[in-house]
Amino acid sequence: MKEELSILIQAQYPLIYLVTSEEERSEQAIANIAQTLKPQPRVFLWTVTNGVVEYGQPRTTQHNTVSPEAAIEWTIRQKEPGIYVFKDLHPFIDSPPVTRYLRDAIASFKDTHKTIVLMSPVQHVPIELEKEVVVLDFPLPDMKELNRVLSRQLEDGKNKRLTTESREKLLKAALGLTRDEAQKVYRKAQVTASRLTEAEVEIVLSEKKQLIRRNGILEYIEEDETIDSVGGLEELKRWLCQRSNAFTERAREYGLPQPKGMLILGVPGCGKSLIAKTTSRLWGLPLLRLDMGRVYDGSMVGRSEANLRNALKTAESIAPVILFIDELDKSFAGGAGSSDSDGGTSSRIFGSFLTWMQEKTSPVFVMATANRVERLPGEFLRKGRFDEIFFVDLPNQEERQEIFKIHLSKRRRDIDRFDLDQLANVSDGFSGAEIEQAAIAAMYEAFAQDREFTQLDIIAAIKSTLPLSKTMTEQVSALRDWARQRARPAASSMAEYQQMEF
Ligand SMILES: Nc1ncnc2c1ncn2[C@@H]1O[C@H](COP(=O)(O)OP(=O)(O)O)[C@@H](O)[C@H]1O
Ligand SMILES: [Mg+2]
């Protein structure tokens, strides 16, 4: 990316929008780029508090350049090559004089080796400038840059000798953090353990988890259950198992494409979220949950986009990673194209997300679940967006047996005491979650009477439950009809799947 920025400046692009919250790091990068250029431009920084100040020089404001208009006008008057970094111009950029001055600047910069860089954590470009500006994302530090941070921290400490592997583990653990954050995390690990070795990887990781959670949009999920705790869904399991090594170097050498993502659709309470979470263990990859609801922020124009962008940037820098979006349908309440009350924010967000999915090259596997198809914008369901769309139906007789078995064993009960066949029969139409609840209800009943629970307690609990599939028959059958045409059943065998019409 730094190369990209450098190329754009060399190619005399007049206006570059750099989206970043790491001001100091990006300023340094720009200053470094400037030093390699011929003719070498001077670098100036503008803020609304200080006006225009030359980078690396004592803080003396260039004559009367505090107002954005005056500052831009000042850049137009400069004769020498220069890079003018405007920090946080976004709140002012919509004012007609500012937009106009920027357009004038762009026109006058032709063949002058002058460039304006708009640096801001929020991307907001007025329509008048859309065609003239190039938007770049300043990426989070890579291993090489983190290595410099780590080395500096190691110099401060006592232990300087680290094996290459230990070093790599410490670096990997900090991927996804900004430079300042990485610095803090390494420092904290060193202070806590009074050393910084491979043993401190855990401290670094747990600090990272907290930092990532702090923005409220991404969350590290650690699921203790394995895929064996999911009953049924054999076809889906097989698909996932087959891809256990899909993100290895070996798979690339073999010529396999990187899996992009999957969508799991289906009846609520049938194990969609559960199986998604267990994939993390199965594949040995971290799982980050993206909370789409929290991406929305009405406080400022462009804030929601910036939230999404930051979250995706973090995910990419941790890749290979699974990006888990649970209940995707809920985040697009109005669907695309509908001009809902949010002024089109949700369709814009959804557009940027799809574009990202389309263009991403980093190994971020998107794992989305949804309960209702009619709420999902059609573009999501089009072939090729996801590698596969699976449909999770209510468990059949055999699957219900398996689910009972899983939940009774999980509660350390001897399953031979139970007639699983009968339990599966009476629980026809129950989801996995409802089966689990029935078992728990039976346990409560017996526990209150100070005795062990039995087959009869479970049957009684089942009989007193009205399953969702009965109260929402229409919805379930509509979903089934839809899925029959377009999705792959998570439970059935390949043979049945191939018999289906497409
Ligand atoms: N197929 C299943 N096998 C085992 N447990 C299940 C299954 N389906 C649901 N459950 C139980 O119900 C809980 C809720 O299921 P969940 O995965 O959240 O359903 P969904 O995401 O499809 O609505 C799970 O955590 C698990 O305990
Ligand atoms: Mg769920």
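The values are calculated or read from the model by the stated rules, or taken from the named source; none is laboratory data. As the structure is a computational prediction, the values presented were derived from the model and not from experiment. Ideal geometry is used to build each Cβ from the backbone, glycine not excepted, and the neighbour counts take in all protein chains shown. Only protein heavy atoms, including side chains, enter the accessible area calculation; ligands, DNA and RNA are left aside. Shrake-Rupley method; radii C 1.70, N 1.55, O 1.52, S 1.80 Å.
Distance from the alpha carbon centroid of segment 395-433 to that of segment 147-189 works out to 49 angstrom. Against the longest principal axis of the chain, how steep is helix 272-283, in degrees 0 to 90 to the nearest 10, with axes from Cα atoms? Its long axis makes an angle of about 70 degrees. Which of the aspartates and glutamates could a cross-linker bridge to K38, judged by Cα under 18 Å and excluding same-chain residues fewer than eight apart? Partners found: E3, E4, E80, D111. Let a ≥ b ≥ c be the square roots of the eigenvalues of the Cα gyration tensor of the chain; is it rounded (a/c under 1.5), or, if not, prolate (a/b larger than b/c) or oblate? Because a/c hits 1.5 or more and a/b exceeds b/c, the chain counts as prolate.
Would you work out what percent of the accessible area of segment 1-88, with all protein chains in place, is carbon or sulfur (probe 1.4 Å)? Carbon and sulfur together cover 47 percent of it. Residue pairs exceeding 22 angstrom between C-alpha atoms, taken from K169/K277; K208/K330; K260/K313; K131/K383; K405/K470: K169/K277; K208/K330; K131/K383; K405/K470. For segment 131-238, the square roots of the Cα gyration tensor eigenvalues, ordered a ≥ b ≥ c, give a/c of at least 1.5 with a/b no greater than b/c, which places it in the oblate category. Ranking N50, P467, Q242 by Cα position along the charge dipole of the chain, where only Lys, Arg, Asp and Glu carry charges on their C-beta atoms, puts N50 farthest toward the positive end. Loop-located GluC sites (Glu not before Pro) in segment 356-446 (DSSP state other than H, G, I, E, B) with a sparse environment of at most 15 neighbouring Cβ atoms within 10 Å: E374. Note on segment 221-392: Kirkwood hydrodynamic radius from all Cα pairs is 16.7 Å, rounded to one decimal. Which of the three applies to segment 2-137, rounded, prolate or oblate, going by the alpha-carbon gyration tensor with a ≥ b ≥ c and a/c under 1.5 meaning rounded? Rounded is the answer for segment 2-137, as its axis ratio a/c remains below 1.5.
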